[in-house]
Structure formats: structure tokens, C-alpha cells
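Here is the structure we will look at, set down as C-alpha cells.
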RNA sequence: GGAGCCGUAGUUCAGCUUGGCCCAGAACGCCGGCCUGUCACGCCGGAGGUCGCGGGUUCGAAUCCCGUCGGCUCCGCCA
């Protein structure tokens, strides 16, 4: 039954046929999207990546051979068709199809391939488990919305190259087999056959190479590049992901941010036809934390955090007062119109807060008649309550919620609560693109577990110029170091971090001091980053750059929750590819060649 | 490492709380027949299940208990 393509050549994509083609003899190829056999006339919707066109096999008009073959066609059979484009008979037009006014009357039909029973229909809006979709990704991608996801992604690549090349950037590839570096995420390791016992690491980012390219005088580098981090997965995190990575020499923050803004504007205009207004607003890290409880604030809605620690110090409510007196933070959110929430809904918010580490959530409901409902007001004097409500800008119909805890917890819980409430109350407007730069990050933070300072961004980020003079002092006194600000900047879109970068350290003496600050000894620094320090010694220009999380950017542009939707072959939460079933065991001989022995835990394998 | 939700025909799900009426049922899909203008074609008939896996409780388990595997979401982690 199956035939070869032979000399057959396609003239058009199915979806590209229009009424202008009426009367033409055309050759089409594609998949049988649906088959409607009336016993006499047979209709087949033929689909390719550009769309669908109806083909008609009428026993009174089409050759008998074509008709007999058409009877055998099932969903997703691969067909080659020759026929005449006709205007559809009056009254049989289908407005749902772009090609709904025409059809192709078949005079030759080839069945090029058959198709097994489908695990799910090839159409948008299906309800199928993601696991099944990933296993049959080749079918999943036949669905128009998935095709569109990959197409938009492709267009983002093109727009990126167009803009960056137009601005003098040069694409340079950096190695995938490289050196493991401490700090940062867990590395994926690749054993070396020629140097037994040694390992390459897959790059977490091209960071060090792009800096070295600046030393090499490339001046403006970019790359659309895979990066690898062996950490636990999330809907916005895959073990391999793509960055738009660039770096520039002889620049400051303003230069890098200007290029970034230009790139964003170009991508949105070119791919979505949307005008992004520049410049993008900026807020400091400190302001972001104080107002939004996070360094990636979603500015599409209000619900700003208000500090009431000073009031809390004076009240009889122990939970507030103790926290306030012991250096903690008491902050609240005014949920406008939240008084309509039921006790059960408030309890759910409390539960949400507790899951994130809060001990509890205090709340005050301001009823429409002005009376208060709250488990905590009894601990307050009237004066204190009034002060509190005034601070919170509370009005009739509002619900005030409060978290009192260590600053990290208060910020984290309220930051999450803020997003949660906005979503729950439907406060997030559709179609809004709220970009914001977050700047003036701390250079370092204290790592409780390792009992040392660690870089917030990465250890190659330059401190602010005024802090560089205090480096020696800071090495003696970590409190000074914790005051340092970095020359880093993050770009946030609708509450998601989509890009981040910094001005780097280009002087070896400063780089060494930073390593010293974060507890990396000279020997360690030499062993792990010696090549960078060495390069900095040979006329490294001042430089800085930035990297976009391309997957997140495309996911936002497509309005999908998970980056898996915009990656052709993503992995599950356990890092498994359901399509290939990677990772998998390898032959013993392969391991022997690498000089590797594997211990398999008992309950596995 | 931890928490929550989920796992039953090809697919999506019902049944599980309160074990027996379930050698498990629906829809879509699939197969066969009929049907000459449909486009979610229609009508008639049919096939299809290790109830994720293992163990336990019980006269009896899809249902209760324990363990385990997998999927998703979240915390930790992700410079």
C-alpha cells in the first residue's frame, strides 16, 4: 500500500493555498489531520506546519485508484496529493479554516506512510499528561501551539543575532568540555578517557571564557549558548538551558544596560510587534526587598509591603514585640477589598505562610461598617490600632495581614504571599509587560552553613568603586564587607528574573582580594581560577556584560507557565528524558575505557 | 534532603471516604459495517484493563495499612 515519494515535488504548503490558486493544479504533502468518509465522497484535512486544507476524493470525479487508497487513510497517515484547487460549492465553506473557501479535488494520491494509534489527538487544548506528551514529543510538536512555541523561539534567536550583530557584537563559541569550578551550582561531569581519573565539567555559563575573550581584544562578544547546572528542577529550571550571553569592553553599567534594553525592545518589536517603552525603570535591591519582599518584584500590581516594626515594639502582643525587640522585622500587606475573604480563606493564607517558614500570620479585617475583626487587636490600645491602620492605609473593606520574623523569613513569606494574593484575587492584569532593573545588589552575603562570606552574584563581579578602597579593611571585618555593593544588575519581567549581569573585576589584585574575602585561599584560587587571574595580568580591559535566560524569556512571550513548553525536548523533574529514557546505564566496556567503576545502590538497577 | 497533590482501557477521568452490588464503568480514540458535501460528519456493532509496582490486613482489596517507583508543584538547592 505504501508508495515512495519518487519524483513528486511539493508546490505549496497546505496552509498557504488561497483563493488566488483556484484553478491551479497543485501538489501537496502532509498528514491526514482528519478523515471523513461518507461512503461516497471522502474528505481529508491535510495538514502541514503552515496549516490545513481540505482535499476531496469524489468517486465520480477522482480516479478509482485514488478513491480506493483514500478509503484506507487514517489519522496522521502521511500523504502526497496532486489535484486541482477549486472554490468550495456554495454553502460548504468552513470559516474555521484559513483555507475554508477552497478545497483540492484529488486526481493522484500517494500514501507515504501509516501511523499507529495516537496516544493523543494532534490539536491544541488537549488534556494529556505532560509525561505522555514528552514521550511522544514528535506528535506533541505537530500541534500548532507547540510549533508556534518553537517558531517564536526561533524568531527570538534571529532577532537577537540581528540586533547584536548590528551593534558590533561577534559570535564566538566557547567550550562545552571545560574545567569544574567551585562556587555556584553543582557541575555535570564528563570523565576523560585520555587522562583517567580526571573530569571535564559542562559549563554553568561561559562566564570565564567571555571575560578571557575580552582580554583577547574581541571587544564585543555574544553567543546563544547551552548552560548546564546539576540542581533540582522547577517549572522554570532545566538542567540544560539556553542563555543569550554577551560581554563588552571599556564599558560601565549604563552601556550594558542600554544594549540590553535595545535588545529587549528589538526582540519584542520584531517577534511580537510590541513596543517596549525605554528606559526601563530601576529600583535598588533594598527598595525591592522592602516594598516587595523579593529581588524579582512583579510590578504589575500593588500590594506593597509596609514596615510596622516600630509600632510592634510598643504593643502588648508578644509575637510582635519580641520579634521587633530582637532585631526581627514586622511587615504587613494591605489586601484591598480583602475583608470579603472568609475565615477559611484567611486560614489558607496562614497555611501558605507557614509552609514558607512563618510561624503564623496575624490579620485584621476592617469591616464595611468600620468594625474590626481580628484575633490580635485585643493586644493593642485604640491609639496603637489607629496608628497601625493609618500606616497600612487601611480602609473599610480591607484585610491587613502581618508577618513577624527574622528579616529573611518576613521578606520571603510576604514576597510569596504578595504574588499568591494577587493571583488569587485576580489583580494581575493580562497583556502587561512590566520590566524593571534591580540594581545596587550587595556584593556578598553570609553563608550560615559554610560559615563564610559568599558572592551574591558571582566572585568576578566588581564591587562599587568606593568599596574597592575598603577591601583590605573588609578582609579583617566581615561587617564592612557585608555593606559592599556590587556593580551587578538584574532585569526582571513580570516578577521573573530574565537577565542578569555585572561589570567584572579586570584587575588581578582586586580579584585576588575578593577571593580572599570569600575564603578562597591563594592556592585554591590558583588551582581553580588560575587561568583567569593569569589572563587578567596581561592587559585585561575593563569589561562587563549580561546573560538572558532565553527559555524564561520565550516562555513569558508565549504566556506559558513552564519553560518546558518552549524547549523541544525537555526533561522531567527527575532529570529524565521520557523520549530517549536518558540517563541510562552504559556498557561495562565503556566504563572500563574510562577507568570508572560504578557502585549501584541496592534498591536500584 | 523535605512537604503537598496525583497514578484505574490508547487518552482523559468516574469508582476509593463507608472493602463484597465491580472477573471495574463513561467519554473520546481504535476496529468492522452502512452512509455522496462533511469539516467534533452521522448511524449500527465490536474489541480493548498486571486498577503504577511489591508486601501486609481480611473469608474477600482498585478501595484499608506499609514500602517503593514515576509525574507535577513548592521549600532547601540554583554564584
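Rule-based calculations on the coordinates, nothing more; no lab input. Worth saying up front: this structure is predicted, and the values here are computed from it rather than measured. Because the Cβ atoms are built from the backbone with ideal geometry, glycine has one as well, and the counts that use them run over all protein chains shown.
Report, in whole Å, the centroid distance computed from the Cα atoms of the range A:537-604 and the range A:492-524. First find each Cα centre; the distance between them is then 24 Å. Working from Cα pairs under 8 Å separated by at least six residues, relative contact order for the range A:51-178 is 23 percent. Within the range A:14-113, antiparallel bridges make up roughly 95 percent of the DSSP beta bridges whose residues both belong there. Each part reduced to its alpha carbon centroid, the range A:169-186 and the range A:414-431 end up 37 Å apart. Taking 0.36 nm per residue of separation and subtracting the current Cα-Cα distance, fully stretching the chain between residue A:35 and residue A:7 would add 7.5 nm.
Shape call for the range A:301-424 from the C-alpha gyration tensor, a ≥ b ≥ c root eigenvalues: rounded (a/c under 1.5), prolate (a/b greater than b/c) or oblate? Oblate, since a/c reaches 1.5 and b/c is not below a/b. Label separation (residue A:445 vs residue A:374): 3.1 nm, computed from points 7 Å beyond Cα along the C-beta direction.
Counting only alpha carbon atoms, the long axis of helix A:522-536 and the longest principal axis of chain A meet at about 60°. Each Cα pair under 8 Å and six or more residues apart adds its sequence gap; the mean of these over the residue count of the range A:529-605 is a relative contact order of 11 percent. Taking a ≥ b ≥ c as the square roots of the Cα gyration tensor eigenvalues, with a/c under 1.5 meaning rounded and otherwise prolate when a/b beats b/c, else oblate, which class fits the range A:178-277? Judged from the Cα gyration tensor, the range A:178-277 comes out oblate (a/c at least 1.5, b/c at or above a/b). To the nearest ten degrees, helix A:382-391 and the longest principal axis of the Cα atoms of chain A are 50 degrees apart.
Taken as Cα centroids, the range A:275-314 and the range A:12-70 sit 58 Å apart, rounded to the nearest whole angstrom.
Computed from label points 7 Å out along Cα-Cβ, the spacing between residue A:456 and residue A:250 is 3.1 nm. Taking the longest Cα principal axis of chain A as reference, the axis of helix A:508-517 is set at about 70 degrees. Between residue A:123 and residue A:272, residue separation times 0.36 nm minus the direct Cα-Cα distance comes to 51.3 nm. In this simple spin-label model, placing a label point 7 Å from the Cα along the Cα-to-Cβ direction at both residue A:307 and residue A:151 gives a separation of 5.1 nm.
Remark: the residue A:64-residue A:480 segment gains 140.9 nm on full extension, using 0.36 nm per residue and subtracting the alpha carbon distance.
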